[in-house]
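What follows is one structure encoded as structure tokens, with my remarks underneath.
The values are calculated or read from the model by the stated rules, or taken from the named source; none is laboratory data. This one's a predicted model, so the numbers in the text were calculated from it and none came from an experiment. With ideal geometry, Cβ positions are generated from the backbone for all residues, glycine too; neighbour counts draw on all protein chains shown.
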Amino acid sequence: MIGPLCRTFVPPLLRHNARCEIISPGFRFIVIPHDTEKRGQLDMELKEKFLGGMVGSALGDAIGEVAFRFCEEQDLLGAIDQIETLVYTDDTAMAIGLAESLLEKGGIDPEHLGDTFCKNFNREPWRGYASGPPTIFSLVRHEGISYVEAARRLFGGSGSLGNGAAMRIAPLGLLFHESPDLDKAARASAEVTHAHPVGKDGAAVEAWAIARAVELDPVQEFPYAEFTKGLVNVSRTSEIQEKLRLVEPLLRENAPPRHAADVLGRSVAVDESLPFAIYSFLKNPQSFEECLFCAVLNGGDRDTLGAMAGAISGAYLGINAIPGVWRGKLENRARIEGLASSLFERL
């Protein structure tokens with residue numbers, strides 16, 4: 001029995017299959033049907049969201065990278081059609097590293113996460129990394145300090161406020177989607193490379209957006225007000241809060257994407273890119289393709305805008321909403337889908 005101001009934990013897969021029955025004014029109880037077929041179906045739908053979040057992020061990254069050369073929609077569609085393999089960048093390489101570390105350690109272990117990032121960088125340094133991660137790896141190697149301490153030394157001791165921690169957060173948002181430790185884990189994962197409060201805040205906000213997208217049913221009407229309010233409440237920095245508060249008015253006014261990008265920003269700073277990625281999803285919640293093209297066809301840091309928007313859209317709509325032809329061209333698809341499946345199995 002649950003009182004009106006109380007909450008009882010119900011395992012996530014069962015909670016989706018539960019119904020609430022009122023037994024007297026102000027009191028209710030939860031009934032979980034013993035319907036194994038229905039529960040199996042819900043289990044599969046949740047797994048599809050995990051796959052969608054990981055593959056959506058990777059495809060957003062890869063297609064965003066193509067959009068640097070093909071900046072109009074028809075040109076981009078034609079290029080995707082001609083390209084044999086959609087190659088991802090450091091955005092996805094670091095998301096893979098985060099997933100690997102989460103699976104091995106069961107949570108955030110900063111040193112293990114940093115070591116995993118470093119190992120993957122040394123194997124594929126050509127992925128398009130910014131200067132921050134290799135500088136951190138070098139400091140750790142030569143001075144024997146922790147990754148967190150090395151990250152704090154960047155940019156004159158202020159740390160990075162870039163979007164690199166948010167761009168890779170998909171596996172954590174998925175795995176922790178029901179956990180009260182979501183916010184803490186997202187910020188801990190960020191500070192391995194992004195010590196600035198804004199850099200960590202961006203990762204936490206993106207993780208919350210992905211987690212909430214997992215929980216929402218795309219068949220139901222999208223709760224715009226609740227979603228945008230939740231984003232602002234999660235944020236701890238005025239820089240990101242101020243931009244997030246502009247998203248709902250832009251949507252309400254049906255502002256063109258180019259204007260929204262001008263207002264919200266599209267740079268490598270997370271407070272000037274994450275809000276537009278979220279706008280792109282909220283403007284196109286029922287179409288992965290339209291969400292992604294909104295994110296990557298309006299200039300700026302196209303691959304990371306695509307990774308952030310694609311992660312939310314994929315987690316909301318599921319893997320089957322992502323064009324199959326695109327999925328078939330994604331580099332290292334089997335590895336990415338395998339990691340998504342392993343994360344799902346950890347629930």
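Here are the numbers for this structure:
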quantity: Residue among Ala188, Ala150, Ala165, Ala209 that alone is in the same structural domain as Asp115 (by TED's automatic domain parsing), free of Cβ contacts under 8 Å to residues at least 40 places away in the same chain and of a type in the set (A, V, I, L, M); calculated: Ala150
quantity: Restricting the stretch 212-233 to residues that are outside any helix (DSSP H, G or I) and either of a type in the set (A, V, I, L, M) or outside the structural domain of Ala311 (by TED's automatic domain parsing) (or both), the residue that is surrounded by the fewest Cβ atoms within 10 Å (Cβ to Cβ); calculated: Val219
quantity: Near pairs, Cβ below 8 angstrom, 6+ apart or cross-chain, from the stretch 72-86 (within 10 Å of Trp326 (Cα to Cα)) to any residue that is assigned to a loop (DSSP other than H, G, I, E, B); calculated: Thr85/Glu331; Leu86/Glu331
quantity: The stretch 122-134, residues that are in a loop (DSSP other than H, G, I, E, B), within 22 Å of Arg266 (Cβ to Cβ) and either at pLDDT below 95 or touching a helix residue (DSSP H, G or I) at 6+ places or on another chain (Cβ under 7 Å) (or both); calculated: Gly128, Tyr129, Ala130
quantity: Test for Asp75: is it assigned to a helix (DSSP H, G or I) and more than 16 Å from the chain's Cα centre (by Cα); calculated: yes
quantity: Test for Leu216: is it at pLDDT 95 or above, closer than 18 Å to Phe288 by Cβ and of a type outside the set (Ser, Thr, Tyr); calculated: yes
quantity: Residue ID - farthest from Ser101 (Cα to Cα), chosen from residues in the stretch 144-176 that are β-branched (Val, Ile, Thr) and touching a Leu at 6+ places or on another chain (Cβ under 9 Å); calculated: Ile145
quantity: Which listed residue, of Gly314, Gly338, is within 19 Å of the chain's Cα centre (by Cα), crowded, with 17+ Cβ neighbours inside 10 Å and assigned by TED's automatic domain parsing to the domain that holds Val66; calculated: Gly314
quantity: Arg236 basic (Lys, Arg) and either without any contact (Cβ under 8 Å) to a residue 24 or more places away in the chain or in a helix (DSSP H, G or I) (or both); calculated: no
quantity: Matching entry among Gly299, Gly306 (being at pLDDT 95 or above, assigned by TED's automatic domain parsing to the domain that holds Val192 and surrounded by fewer than 23 Cβ atoms within 10 Å (Cβ to Cβ)); calculated: Gly299
quantity: From the options Glu84, Glu48, residue that is more than 18 Å from Arg302 (Cβ to Cβ), at pLDDT 95 or above and surrounded by fewer than 15 Cβ atoms within 10 Å (Cβ to Cβ); calculated: Glu84
